[in-house]
1. Within segment 15-26, is even one residue surrounded by fewer than 17 Cβ atoms within 10 Å (Cβ to Cβ) and part of a helix (DSSP H, G or I)?
2. Just one of Ile97, Ile35 is over 28 Å from Lys144 (Cα atoms), buried (at least 20 other Cβ atoms within 10 Å of the Cβ) and touching a strand residue (DSSP E or B) at 6+ places or on another chain (Cβ under 6 Å); which is it?
3. When residues of segment 43-72 are filtered for being surrounded by 16 or more Cβ atoms within 10 Å (Cβ to Cβ) and either more than 20 Å from Ile11 (Cα to Cα) or of a type in the set (A, V, I, L, M) (or both), how many remain?
4. Could you grab me the full set of residues in segment 73-98 that are assigned to a strand (DSSP E or B), free of Cβ contacts under 8 Å to residues at least 40 places away in the same chain and under 15 Å from the mean Cα position of the chain (by Cα)?
5. Which one is nearest to Thr128 (Cα to Cα), of the residues in segment 51-72 that are more than 10 Å from the chain's Cα centre (by Cα) and not in a loop (DSSP other than H, G, I, E, B)?
6. Among the listed residues Val83, Val115, Val110, which satisfies the condition of being more than 20 Å from Met131 (Cβ to Cβ) and either hydroxyl-bearing (Ser, Thr, Tyr) or touching a His at 6+ places or on another chain (Cβ under 7 Å) (or both)?
7. Suppose we keep only residues that are closer than 19 Å to Glu96 by Cα and touching a strand residue (DSSP E or B) at 6+ places or on another chain (Cβ under 6 Å) within segment 2-16. Which one would you say is modelled with the lowest pLDDT?
8. Confirm whether Lys101 is part of a loop (DSSP other than H, G, I, E, B), modelled with pLDDT of 80 or more and farther than 16 Å from Asn59 by Cα.
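The values are calculated or read from the model by the stated rules, or taken from the named source; none is laboratory data. Since the model is a prediction, treat every value here as computed from it, not as a measurement. No Cβ is skipped: glycine too gets one built from the backbone with ideal geometry, and neighbour counts run over all protein chains shown.
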Amino acid sequence: MARGQEKSVNIIIDAYVVAGRGRASIIRAADVKSISEKHNISLINGSLNLISKAPTWLNSKKSFYNNELSYYWHADLNGMPVVINKWYGCPAHIFEIFATKHLRTELDLVDNEKVILTIPRVFLDIDTHAMWKERLKWKLAWSKREEHYYKDGVYQLIPRCLEKLWAFLNILKLRKT
């Protein structure tokens, strides 16, 4: 959950560690290699998966690296420098974390353990974060079900269906005017 004062330089997110599906080491391997080479960061292949109870939208234009489908920002996890990855369609409460060391070992982390993710406030997508429609869509899809993203592959379709429903309702609204 984000906390702190509006003028703070960073946003603090309370999150917890979850087991992933083992896809990142394969899907993100080329990105990890490219980031390591271009930005002189020796990221290890494989990620730590985090879930927050509150949504946080990051501005893709503020990412330091992207491949048009995945975006990467610098952050800290429990005081250790890390890289956040989010991809097109990634729920606002999900964070995939890469680092130069194996985080579960280095920080002695286990599933469901609480961690603190610190993100520079300038990375926040203020426009989306403030939009009541985005917050409502997130609440309808994910509130009290945040962990379903990693536990239930079919559940991932619900936010996409809500997006299409929202777009359809907007079309109907336009036709009335």
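1. Looking for residues that are surrounded by fewer than 17 Cβ atoms within 10 Å (Cβ to Cβ) and part of a helix (DSSP H, G or I), one finds at least one in segment 15-26, hence yes.
2. After ruling out the rest, the residue left standing is Ile35.
3. 11
4. The answer is Val82, Ile84, Lys86, Trp87.
5. To start, the set of residues in segment 51-72 that are more than 10 Å from the chain's Cα centre (by Cα) comprises 53-54, 59-70.
When the remaining residues are screened for being not in a loop (DSSP other than H, G, I, E, B), the result is 60-62, 65-66, 70.
Values: Ser60: 11, Lys61: 13, Lys62: 14, Tyr65: 20, Asn66: 19, Ser70: 18 Å.
Result: Ser60.
6. Working: Val115 fails: either hydroxyl-bearing (Ser, Thr, Tyr) or touching a His at 6+ places or on another chain (Cβ under 7 Å) (or both); Val110 fails: either hydroxyl-bearing (Ser, Thr, Tyr) or touching a His at 6+ places or on another chain (Cβ under 7 Å) (or both).
Exactly one residue qualifies, and that residue is Val83.
7. Ala2
8. yes
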